[in-house]
Amino acid sequence: MIRFVLTCEREHEFEVWFASGQAYEKLAESHAIVCPHCGSTAVRKAPMAPAVTRTREASKSQDTSERKKTYAFLKGLRDHLQANAEDVGPAFPEEARKIHYGETEPRSIFGKASLKEAKELSEEGIPALPLPPLPEDQN
Ligand SMILES: [Zn+2]
């Protein structure tokens, strides 16, 4: 078996295993190799080293902008919570349950829960949204 990194006309990269180099040539000639991303059959072997570098750089800048977007989203969500919900701190799982079972007045709350507690809440069908710590919390 031999592994080739292939790229299609739209610069999607993907890996395919072939029985041999000749098997690849044959399949490529008969356009039997399909890009899994866009379905294009215009694929060719990706130049190995530059492809790796390019992919890394591309995914790095993508990561950064994705992270910024995620950060802005989380920051907005948190600001919204702080303005509109009650901070119940570590009592969160208990309060969330009380609200869910109608033992206290329904309202928006936020607070702290361990992974285990959050899992238990979701198993009970109680909607709880995990809010990961923002970079500024770690300072
Ligand atoms: Zn493609």
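Listed values, structure above:
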| read-out | value |
| --- | --- |
| Positions within segment 4-24 being free of Cβ contacts under 8 Å to residues at least 40 places away in the same chain, open to solvent by less than 100 Å² (accessible area, probe 1.4 Å) and more than 13 Å from the ligand (Cβ to nearest atom), in sequence order | Phe18, Ala19, Ser20, Gly21, Ala23, Tyr24 |
| Conditions (1) over 16 Å from Phe4 (Cβ atoms); (2) of a type outside the set (Val, Ile, Thr); (3) modelled with pLDDT of 75 or more; number of the one not met by Ser59 | (3) |
| Options Ala85, Ala28, Ala72, Ala42; residue that is within 16 Å of the ligand (Cβ to nearest atom), open to solvent by less than 70 Å² (accessible area, probe 1.4 Å) and modelled with pLDDT under 90 | Ala28 |
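The values are calculated or read from the model by the stated rules, or taken from the named source; none is laboratory data. In this text, all values refer to a predicted model and were calculated from it rather than measured experimentally. As a convention, Cβ positions derive from the backbone with ideal geometry for all residues, glycine included, and neighbour counts pool all protein chains shown. For accessibility, only protein heavy atoms count, side chains too; no ligands or nucleic acids. Shrake-Rupley method; radii C 1.70, N 1.55, O 1.52, S 1.80 Å.
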